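S.K.: One structure, as structure tokens, below. Some questions next.
The values are calculated or read from the model by the stated rules, or taken from the named source; none is laboratory data. Quick caveat: nothing in here was measured; it's all calculated off a predicted structure. In this analysis, Cβ positions are derived from the backbone assuming ideal geometry, glycine residues included, and neighbour counts consider all displayed protein chains. To get the accessible areas, we keep the full protein, side chains included, count just its heavy atoms, and leave off ligands, DNA and RNA. Shrake-Rupley method; radii C 1.70, N 1.55, O 1.52, S 1.80 Å.
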Amino acid sequence: VTAASILGTPRPVTLDGVRLEVSEDRLTLVAERELAGLATGRFSRPGGGAEWSSESWPTNLEFTGFAFTQFALPVTAGHDLDFDFAPAPGLRSPRAMSPVLARSDGRVVLLAPVERPHEQIVAVADGGLRWGWHGDLDVVPAGCSVSLGVYSGSSVTEVLAMWGADIEVVPRRRDHPVMTHLSYWTDNGAAYWYRTEPGVTIAESVVAAVDGLRADGVPIRSVELDSWFYEHATPRPIAAIGYPEEVPPTGAMRWSPRPDAFPPTDGDPMVELRDRLAAPLVLHARHLAPTSPYLDGPDGWWIDADAAHPHDPAFFRRWFDDAVRWGATCIEQDWMLMSWFGVRGLREAPDRAAAWQHALNDHARATDVDLIWCMATPADLVLAASLDRIVAVRTCDDYRFTSDPALLWTWFLTVNRLTNTLGLPAFKDCFFSRVATDAG
């Protein structure tokens, strides 16, 4: 089985100052000099690279790709590349993927990034597939390269294993309390997600819930505090029990406890909550708002309409130091899609997204506060294979994202094939369960 026997021979897409190197199992783009002004105006319109035309494809060819959405939404298509990149309200993806699987008559080809996953895409374009630098990349230094692995075999398992052997997959700890014992979570779908009992704060409701579970013999070993614990650009009130309205996806203003979520105190409300829970915390974090007071400091920032990101990711060390003081075992880095797609500056030059994520991993190692990836793109998942302090990644959207829950389980199980290759433990969001009664 060869890739050419299924997809045909890739044709080069020429770009001045760029060299395409082709071997049987690898395509590599190399900048021969410093390049500027590369951006094509659309993320899904690659600059340089190679393309495969559908003219010679078998008619029964089937594709599965991982789209550039939160949680790497799996998308499928036939010979005509009829991918649905907008499967639900509020979910829109560029016409681009990474990795991509092609299958026909017991033959399988995998196109997957080997280096710099944030800088390359496989796009649906001009009656075929085109690989290269994504269209928002604008400046590339001399010598910078991206590589795509091209793997052929008789099964998906076989080609995924070949790819896994070519990329850096580091050992990671398996004894983290979030992974080994029951934890209590307050994210979307949980009872105390922006909701509380009448007359008490949400923190007090969480303490009462955990105390009640322990009294019933349920050994809660960590507690997740979701985005309700800190202030957003568009605030969402914490209401009494009842299903909440949508939470605006605006960025964080400060990563510190919002007063109305905690009982009044003269001390640090997070430290007092940790002591009352007698369990380490898992702390939610998200992208920063462009109106955050952090931007008034001395740090340089990339600022966009919906999010902002510091030039130097050493900025985030203060969050890990706070997490240590608050007794956290883990930071759940959520809304990763918004950090990358929400800030064009992170996509304009190579390695900026990687520098941010490597820095978070270094901060985690220095403070012994580990990381969970949430709402990650496929590029984030691939890079995570090389980051040893990521203890888990989430692999599908919220439980009420679609009217058909089967889609979420399909999503979860399909992306898990990818994360298993990358050595990343996977987890799922809250979901409703029902108990049968005599009334049905």
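S.K.: Considering the chain as a Gaussian network with a 10 Å cut-off on Cα pairs, which listed residue, 396, 374, 430, attains the greatest mean-square fluctuation?
M.R.: Residue with maximal mean-square fluctuation among 396, 374, 430: 430.
S.K.: Now, a different point. Please list the radius of gyration and Dmax for the stretch 320-394, considering alpha-carbon atoms only, with Å as the unit.
M.R.: Computed over the Cα atoms of the stretch 320-394, radius of gyration and Dmax are 12.3, 37 Å.
S.K.: Using a Förster distance of 51 angstrom, determine the FRET efficiency expected from the C-beta separation of residue 197 and residue 60, and round it to 0.05.
M.R.: Rounded to the nearest 0.05, the efficiency is 0.35.
S.K.: What residues qualify as long-range amide H neighbours of residue 284, i.e. H under 5 Å apart, gap of 5 or more or another chain, H built at 1.01 Å from N?
M.R.: 225, 332
S.K.: In sequence order, what are the phi-derived ³J(HN,Hα) couplings for the stretch 172-183 according to the Karplus relation 6.51 cos²θ - 1.76 cosθ + 1.60 with θ = phi - 60°, rounded to whole Hz, with x for glycine and proline?
M.R.: After applying 6.51 cos²θ - 1.76 cosθ + 1.60, I find 9, 5, 10, 10, 5, x, 5, 9, 10, 9, 5, 10 Hz.
S.K.: Counting Lys and Arg as +1 and Asp and Glu as -1, each charge on the Cβ, what is the dipole of the chain about the Cα centre in debye, to the nearest 20?
M.R.: The calculation lands at about 380 debye.
S.K.: Calculate I(q)/I(0) for the stretch 114-175 by the Debye formula, one identical point scatterer on each C-alpha and no solvent, and give its log10 at q = 0.13, 0.25, 0.27 Å⁻¹ to two decimals.
M.R.: So the normalised log intensities are -0.52, -1.13, -1.17.
S.K.: Using a probe radius of 1.4 Å on heavy atoms only, what accessible surface per residue do you get for the stretch 1-159? Whole Å² is fine.
M.R.: Value for the stretch 1-159: 39 Å² per residue.
S.K.: Hey, what does the equivalent ellipsoid look like for the stretch 200-341, semi-axes from the Cα gyration tensor as sqrt of 5 times each eigenvalue, largest first, whole Å?
M.R.: 28, 17, 14
S.K.: Using modelled amide H (1.01 Å from N, peptide plane; none on Pro or chain starts), what sits under 5 Å from the amide H of residue 115, excluding residues fewer than 5 places away?
M.R.: Placed amide hydrogens put 147 under 5 Å from residue 115.
S.K.: If the chain were replaced by its equivalent ellipsoid, with semi-axes equal to the square roots of 5 times the Cα gyration tensor eigenvalues, what would those be, largest first, whole Å?
M.R.: Working through the eigenvalues yields semi-axes of 40, 25, 19 Å.
S.K.: Next question. Amide H to amide H, which residues 5 or more places from residue 254 or on other chains are under 5 Å from it, using H placed in the peptide plane?
M.R.: 231
S.K.: A further question on this structure: Could you state the accessible area per residue of the stretch 323-391 in Å², with a 1.4 Å probe and every protein chain left in place?
M.R.: Using a 1.4 Å probe on heavy atoms only, each residue of the stretch 323-391 averages 23 Å².
S.K.: Over the chain, what is the percentage of antiparallel beta bridges among all DSSP beta bridges, to the nearest 5?
M.R.: So the antiparallel bridges amount to about 70 percent of the total.
S.K.: Can you list the HN-Hα couplings for the stretch 365-380, worked out from phi with the Karplus curve (6.51, -1.76, 1.60; θ = phi - 60°), rounded to whole Hz and with x for Gly and Pro?
M.R.: Coupling constants for the stretch 365-380: 5, 5, 10, 6, 10, 7, 10, 10, 8, 9, 6, 7, 7, x, 4, 4 Hz.
S.K.: In addition: So how long is each side of the stretch 69-124 along the principal axes, counting just the alpha-carbon atoms, biggest first, in Å?
M.R.: 36, 28, 18
S.K.: Using the Cα atoms of the stretch 290-440, I'd like the radius of gyration and the largest Cα-Cα distance, Dmax, both in angstrom.
M.R.: 17.7, 64
S.K.: Let me ask another. For residue 166 and residue 126 in one chain, what is 0.36 nm times their gap in residues minus the Cα-Cα distance, to one decimal in nm?
M.R.: Answer, rounded to one decimal: 11.4 nm.
S.K.: Please quote Rg/Rh for the stretch 299-341 to two decimal places, taking the Kirkwood radius as Rh and restricting both calculations to Cα atoms.
M.R.: Radius of gyration relative to Kirkwood radius: 1.03.
S.K.: If each residue of separation counts as 0.36 nm, what is the full-extension length gain between residue 157 and residue 139 once their alpha-carbon separation is subtracted?
M.R.: Extra length from residue 157 to residue 139 when fully extended: 2.8 nm.
S.K.: Could I ask something else about it? Run the numbers for residue 34 and residue 403: contour at 0.36 nm per residue of separation, minus the present Cα-Cα distance, in nm.
M.R.: Here the answer is 127.9 nm.
S.K.: Got a number for carbon plus sulfur as a percent of the chain's accessible area, 1.4 Å probe?
M.R.: So the carbon and sulfur contribution to the accessible surface is 51 percent.
S.K.: log₁₀ I(q)/I(0) of the stretch 22-90 at q = 0.21, 0.26, 0.28 Å⁻¹, via Debye over equal Cα point scatterers, no solvent, to two decimals?
M.R.: With no solvent term, the Cα-only Debye profile gives -1.18, -1.24, -1.25.
S.K.: Determine the distance separating the Cα centre of the stretch 116-145 from the Cα centre of the stretch 224-293; give it in Å without decimals.
M.R.: Distance between centres, Cα-based: 38 Å.
S.K.: Given N residues in the stretch 56-180, what is its alpha carbon radius of gyration divided by 2.2 N^0.38 Å?
M.R.: 1.18
S.K.: Separate question: Would you mind classifying the stretch 1-59 by shape? Square roots of the alpha carbon gyration tensor eigenvalues, ordered a ≥ b ≥ c; an a/c under 1.5 is rounded, otherwise it is prolate if a/b is larger than b/c and oblate if not.
M.R.: Here the stretch 1-59 falls in the oblate category.
S.K.: Let me ask you something else. Return one number: the angle in degrees, 0 to 90 and rounded to the nearest 10, between the long axis of the Cα atoms of helix 202-215 and the longest principal axis of the Cα atoms of the chain.
M.R.: 80
S.K.: Still on this model: For the stretch 1-118, what class follows from the C-alpha gyration tensor (a ≥ b ≥ c being the square roots of its eigenvalues): rounded when a/c is under 1.5, otherwise prolate if a/b is larger than b/c, else oblate?
M.R.: Judged from the Cα gyration tensor, the stretch 1-118 comes out oblate (a/c at least 1.5, b/c at or above a/b).
S.K.: So how tilted is helix 156-166 from the main axis of the chain? Cα-based, degrees 0 to 90, rounded to 10.
M.R.: 90
S.K.: Hey, another quick one. Residue by residue through the stretch 10-18, which ³J(HN,Hα) values in whole Hz follow from phi under the Karplus form 6.51 cos²θ - 1.76 cosθ + 1.60 (θ = phi - 60°), with glycine and proline marked x?
M.R.: Using θ = phi - 60°, the values come out as x, 9, x, 10, 6, 8, 4, x, 10 Hz.
S.K.: Once the Cα atoms of the stretch 160-257 are picked out, what are the Rg and Dmax in Å?
M.R.: Expressed in Å, the Cα Rg and Dmax of the stretch 160-257 come to 17.9, 58.
S.K.: Quick one: compute a quarter of the convex hull surface over the Cα atoms of the stretch 331-375 and quote it in nm².
M.R.: With the hull built on Cα positions only, its mean projection is 3.0 nm².
S.K.: Turning to a different aspect of this structure: Give, to the nearest whole percent, the P(r) tail of the stretch 366-410 beyond 14 angstrom, counting all Cα pairs.
M.R.: The calculated P(r) of the stretch 366-410 puts 56 percent of pairs beyond 14 Å.
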